[in-house]
Structures are given as structure tokens and as C-alpha cells.
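Down below is the structure, laid out as C-alpha cells.
The values are calculated or read from the model by the stated rules, or taken from the named source; none is laboratory data. What you are looking at is a predicted structure, and each value in this text was computed from that prediction instead of being measured. Cβ sites come from the backbone with ideal geometry, for glycine too, and all protein chains shown count toward neighbours. All accessible areas refer to the heavy atoms of the entire protein, side chains included, with ligands and DNA or RNA removed. Shrake-Rupley method; radii C 1.70, N 1.55, O 1.52, S 1.80 Å.
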Amino acid sequence: MAEKDYEANEGSDSIDDATPSQSLESDTPDTSNASHPNSSDSADDEALTVEDILNAGPQSKEAELLADLQRLQAEFVNYKARVERDRDLSRNNAIAEVLRALLPALDDLARAEAHGDLEGSPFAAVVTKLRASVEKFGLQAFGATGDKFDPALHNALVQTPNPNVKDTVIADVIESGYQIGDRIVRPAMVAVFIPAEG
């Protein structure tokens, strides 16, 4: 009888020992998913800007298509302008290269004309037509005796001191310079007078 009472007491002690832990587990709320239900939403709200909110309104399909069309039209206008600019640049480069190849012949004709070899010759008419042809493409000669020396336009091959000049001036033109618009095809080859010291 005593043994049964001891076993009963021992069983009740084990039940009593288990009950508080079980009751604690049952009473304690499950915190494994305790993240706030709106935590992700609040993070999204913080990432939004005022501009995003203002532009978040519904947009019709027609408005989207119109925006796409306007963007494509702007891209095409820019592309067309770029192609025309590149075409003009390529054309001007090609013209400059052809005219540069003709410069030695123009130099020889200028020397022959300076020596009087073309006077009364039928070849004088050919020279006139050739010069008119290159001028039609914008080729212009520059560099003359007495002009002020400009290192951007002239290449000084000879320097001679001269007490009568205050600035460096061209004394003689050895080869004329040529330009197309503002583009220098070849600088002028010149001899210059420089101010004499003392």
C-alpha cells in the first residue's frame, strides 16, 4: 500500500514537473513569425519618393504609346542630324585631300606666271580655268609681302633683322598658303624681317 502511494506520488510529481513547462510553452506566443505584418510595406514606403508617388497614377495605353512615339521621333531627329554632320565632315575631308594633292601644280604655275612664262601662251587660259575650279570648292591662297607674320598661318624659313620694322613682317613669299574656309590646308612658306636689336 505504501509502495502504491509512493508510485502515485512519484507519478504526480513528474506530471506536475511537466505541466509548468508545457503550460509555459502553450501560454508563450509564437515569436518565430513575430515580424510586424507591415514591416515590408513600411520599408517600401521609405524607399518611395514624392516624385514616385506623383507619377504613380494610372496611365492609359494611349498615353504610353504616345510617349514611346515621341521618344522614337526625338531619337530619329538626333540620328539624322548626326549622319548629316558626319557626311559633311567626310565630304570636306575628301575635298581637302584632293586640293592638297593639286598644290604642287599650283605652285609651279605660280612660279611660271611670276617669271612671265605664261604671257601670250594658250596655257594661260588653262591656268585661269584651273584656279577658278579650285576656288569653286573654297580654296583660297593667302600670304603676301608686307603682311604681319602669324605663326598659325605662316612658316618662317628665313629670318632677317631689319632696323626699319617694329614687328615681324613677311619679306618674301616662297610658297603661298592655302585654306578652305577657316581650315588651313597648308601654311605659307615665307621669309620674314624681324626687328633689329639696339
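Which strands (runs of 3 or more DSSP E) does region 101-198 wholly contain that include 1 or more residues that are over 22 Å from ARG91 (Cα atoms)?
Fully inside region 101-198 and qualifying: 139-142, 154-162, 169-175, 188-195.
Could you tell me how many of the residues in region 128-176 are open to solvent by less than 50 Å² (accessible area, probe 1.4 Å), within 28 Å of VAL98 (Cα to Cα) and small (Gly, Ala, Ser)?
Here the count works out to 5.
Being closer than 22 Å to ALA96 by Cα, exposed (fewer than 13 other Cβ atoms within 10 Å of the Cβ) and small (Gly, Ala, Ser) is the filter here; which residues of region 177-198 pass it?
Selection gives GLY181 alone.
Of the numbered conditions (1) at pLDDT 90 or above; (2) farther than 19 Å from PRO195 by Cα; (3) surrounded by 15 or more Cβ atoms within 10 Å (Cβ to Cβ), ALA110 fails exactly one; give the number of that condition.
Here ALA110 meets the rest and fails (1).
Would you be able to say whether some residue in region 165-172 is more than 26 Å from ARG183 (Cα to Cα) and without any contact (Cβ under 8 Å) to a residue 40 or more places away in the chain?
So far as region 165-172 goes, yes, one or more of its residues are more than 26 Å from ARG183 (Cα to Cα) and without any contact (Cβ under 8 Å) to a residue 40 or more places away in the chain.
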